[in-house]
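Down below is the structure, laid out as structure tokens.
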Ligand code: GLP
């Protein structure tokens, strides 16, 4: 795993925006895997500021709540429209988000996997990390081989997300999420982690044992996983000085 640590979330986001922006310029028909939550909001703003051409870009989002009306302010479709889609020239037919209201959810999950395959797979998957190490909505103990499916949220994740819903009771129990196996098939992964609240999960993911109890640790199995963290999220990493040295002394041939 490549671990890039910057003093602030703003600076770490700047690095991430450069990586994503370069990909969009280099491959104008790239397939991006997108994430929601508070972590990538600033990244989306920075990408909008770069005035990139999204007209041939295809995107697949990681997850969606089950049973929220499509126009609910906390649905991830609304989130993506407000934070990115509406401010770019992306074609809405090229934006894909799991359908949390499908009459047949398992069939809709299978169809989602099929659509990703038809698009040629994900070139770059963006991820945040839950305070318990979840990626997408793959909660601890999720199968490391899992595919897009229905998951039940843990009380901790529902408590973490209560701030968006004005209370825990309003947070749905069920979600549809790409699986860990789905995520690992993307060609490159970029995980963002900001704030002290992510420090323990990030240390487990990067330096702990590969385990389903920290789903983000599955990225250790990926050939090209990059972590962009701020100092607070990186504060529990034992090899921090090493990661800093590697990044600061990156040879030209390794640069993005
Ligand atoms: C959410 C999302 C994840 C996100 C994580 C962290 O519930 N499903 O994709 O990475 O939890 O959220 P935040 O960025 O708000 O801390």
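Any read-out appearing in this document is the output of simple, stated calculations on the displayed coordinates, not a laboratory observation. All values reported here derive from a predicted model rather than from experimental measurement. Here the Cβ positions follow ideal geometry from the backbone for every residue, glycine too, while neighbour counts run over all protein chains shown.
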TODO: Give the share of C-alpha pairs in each 10 angstrom bin for the range 133-227, from 0 to the last occupied bin, in whole percents, shortest bins first.
DONE: 16, 47, 31, 5
Task: Relative contact order (%) - the chain, alpha-carbon pairs under 8 angstrom, separation at least six - done: 25 percent
Task: Which of 227, 41 has the fewest Cβ neighbours within 10 Å, and the rest in rising order - done: 41, 227
- [ ] Could you calculate, for the range 68-107, the ratio of the Cα radius of gyration to the Kirkwood radius, expressed as Rg to Rh?
- [x] 1.01
Task: Cβ-based exposure ranking for 242, 76, 247, in which fewest neighbours within 10 Å come first - done: 242, 247, 76
Task: For the chain, built as a Gaussian network whose Cα springs stay under 10 Å, the top-fluctuating residue of 23, 184, 34 - done: 23
Open item on the list: Using only DSSP helix segments of four residues or longer, with each worth -39500 (n - 2.57), what per-residue ellipticity at 222 nm results for the chain after dividing by its residue count and rounding to 500?
Closed with: -9500 deg cm²/dmol
- [ ] Arrange 129, 189 by Cβ neighbour counts within 10 Å, fewest through most, would you?
- [x] 189, 129
TODO: Take the Cα coordinates of the range 84-163, assign each an equal point scatterer, and use the Debye formula without solvent to give log10 I(q)/I(0) at q = 0.13, 0.14, 0.15, 0.16 Å⁻¹.
DONE: -0.54, -0.63, -0.72, -0.82
TODO: Normalising by the residue count of the range 1-103, find the relative contact order in percent from Cα pairs under 8 Å and 6+ residues apart.
DONE: 27 percent
Open item on the list: Between the range 94-125 and the range 228-256, how far is it from one alpha carbon centroid to the other, in angstrom?
Closed with: 34 Å
Open item on the list: From the alpha carbon gyration tensor of the chain, can you work out the equivalent ellipsoid semi-axes (sqrt of 5 times each eigenvalue) and give them in Å, largest to smallest?
Closed with: 26, 22, 17
